[in-house]
Amino acid sequence: MKTLLQYQNGQLCFGEKAIPLVSLISAGNGPFYVYDLAHIERRFRQMSEATARAGKPAQICFALKANPHPEVLRRLQGAGAGADVVSGGEIRRALECGFPPEQIIYSGVGKTIAEIDFALVSSVGQLNVESLPELRRIGERARNLKKRARVAFRLNPDVSIQTHPYIATGLAENKFGMELSLLPEIQKLIAEFSQELEPVGLSLHLGSQMQELGGFREALRRLVPVWKSLAAKWPNFRRFDAGGGLGVSYEAMDLEQDHALLQSYAQILREELAGLDCELQLEPGRWLVVHGGVLITQVQYVKPTSSRTFVIVDSGMNHLLRPALYQAQHQIWPLKQSAAAPVTVDVVGPICESADFFAKNYPMTPAQAGDYLAIVDVGAYGASMASTYNLQDLPREICI
Ligand SMILES: *Cc1c(COP(=O)(O)O)cnc(C)c1O
């Protein structure tokens, strides 16, 4: 499988079965996302194989926030994935889509009492704790509900990764995780709530879209000794949750480059955790689903101005926030192939913000009102970040 996008008979086809995207359009229904479930499942199996240690697969918990579409979740669950969730809403969605509670990891810095109670009553398998007051709150709620909470400590190793500053999470200046200096306090709280809190492991998550893995290796190096010292204290402390964040190629949808990065990632895990008798957990989001989604939008107007030519489409930052939020660049492919020479355009949406663009100075064959375009590599953090800003409808989502 080299590519998921290609023209056949002049029509853009998508996915492992090369379905002509034009066949999915129902006129007047507005922009829609298309997900290729077979490809998403294949990515899961690739990661599962690559990251197995001594023949034992890691527990791979898909980060729901990347794409919580129920069919995507059911497919991943069926293939053996667990769920990584960050809110009560995501716990509910994971349960509805068939994830057994013990395969759900609940992370997030702002867990409310209602959310913690819901997690405890639902017997969620692991709460990744991000601060001392949260650990105390979980202990108190478990006492109140007469439950035992399996907790892992999300540690902030204070290492940097090369990514957009909004998606870096493993630096001391970020709000995520607990600093290593808090370990004595953590142990005191565990002793205070010895009936209610069961420490099962530690976790880290350095951020998203990691393409250079030196920081990841460094973080593992810092946390392995910590894991060992804690595992010596508590008999059920066995899990090492290495988080998510594996990056992907957006420039050219290079599936082989992604695969090479996966192999380096797996090798770093094998090397740094060598000899550690732990249960490895991973929380990938983007890597599993990003290429498995495209967004189909229709050109409304072509508007030449003295400065540039705008191609105005019926979807925008309300459906795909990444260009506005992260300066992300997504490829744009017309659904109908054209032999005409490319022209340079700005592809923009209908929203009343100048940040509402898909691409600037983008070379594309000339578009006309009524044409359809595919925005590529939007299976992750696409529909899940959509809003009704300007009271536009949410995008539809279709699975193939
Ligand atoms: C967002 C997130 C992930 C997934 O990150 P990706 O970059 O999509 O792999 C994993 N774990 C936690 C705690 C997260 O917040």
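Derivation of every value follows stated rules applied to the coordinates shown; laboratory data play no part. For clarity, every value in this text was computed on a predicted model and none was experimentally measured. Because the Cβ atoms are built from the backbone with ideal geometry, glycine has one as well, and the counts that use them run over all protein chains shown.
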Sites Val226 and Ser123 - FRET efficiency at Förster radius 30 Å, r taken between beta-carbons, to 0.05: 0.65
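Per-residue counts of other Cβ atoms within 10 Å, averaged by peptide: what ranking do you get for 132-141, 78-87, 271-280, 376-385, highest first?
Values: 132-141: 18.2, 78-87: 22.0, 271-280: 14.1, 376-385: 23.9.
So the order, starting with the most tightly packed, is 376-385, 78-87, 132-141, 271-280.
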Per residue, what volume in Å³ does the Cα convex hull of the stretch 236-309 take up? 151
Net charge, Gly177 excluded, C-beta distance under 10 Å - Lys, Arg +1, Asp, Glu -1: -1
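Only bridges with both residues in the stretch 19-130 count here: give the DSSP antiparallel percent, nearest 5.
Here the share of antiparallel DSSP bridges comes out near 10 percent.
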Students often check this: by mean Cβ neighbours within 10 Å, which of 322-329, 284-291, 343-350 ranks highest, and how do the rest follow? 284-291, 343-350, 322-329
Förster radius 60 Å - calculated FRET efficiency between Ala38 and Ser181, Cβ distance, rounded to 0.05: 0.80
Roughly how tilted is helix 70-79, in degrees to the nearest 10 and between 0 and 90, from the longest Cα axis of the chain? 60
Which aspartates and glutamates have a Cα lying under 16 Å from the Cα of Lys336, excluding residues fewer than 8 positions away in the same chain? Asp371
Working note, the chain: Cα radius of gyration (Å, one decimal) and Dmax (Å, whole number) are 22.4, 72
Just to be sure I understand: of the beta bridges DSSP finds with both ends in the chain, what percent are antiparallel, rounded to 5? 45
In sequence order, what are the phi-derived ³J(HN,Hα) couplings for the stretch 20-29 according to the Karplus relation 6.51 cos²θ - 1.76 cosθ + 1.60 with θ = phi - 60°, rounded to whole Hz, with x for glycine and proline? x, 5, 4, 6, 9, 7, 10, 4, x, 8
Can you run phi through the Karplus equation (6.51, -1.76, 1.60; θ = phi - 60°) for the stretch 30-44 and list ³J(HN,Hα) in whole Hz, with x for Gly and Pro? x, x, 8, 8, 10, 10, 9, 5, 5, 5, 4, 5, 4, 4, 4
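Using the structure shown, list the pairs from Lys147/Lys228; Lys56/Lys233; Lys303/Lys360; Lys111/Lys233 with a Cα-Cα distance above 20 Å, or answer none.
Lys147/Lys228; Lys56/Lys233; Lys111/Lys233
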Can you check how the C-alpha radius of gyration of the stretch 347-400 compares to 2.2 N^0.38 Å, as a plain ratio? 1.28
Between Val22 and Lys303, what is the FRET efficiency for a Förster distance of 30 Å, r being their Cβ-Cβ separation, to the nearest 0.05? 0.75
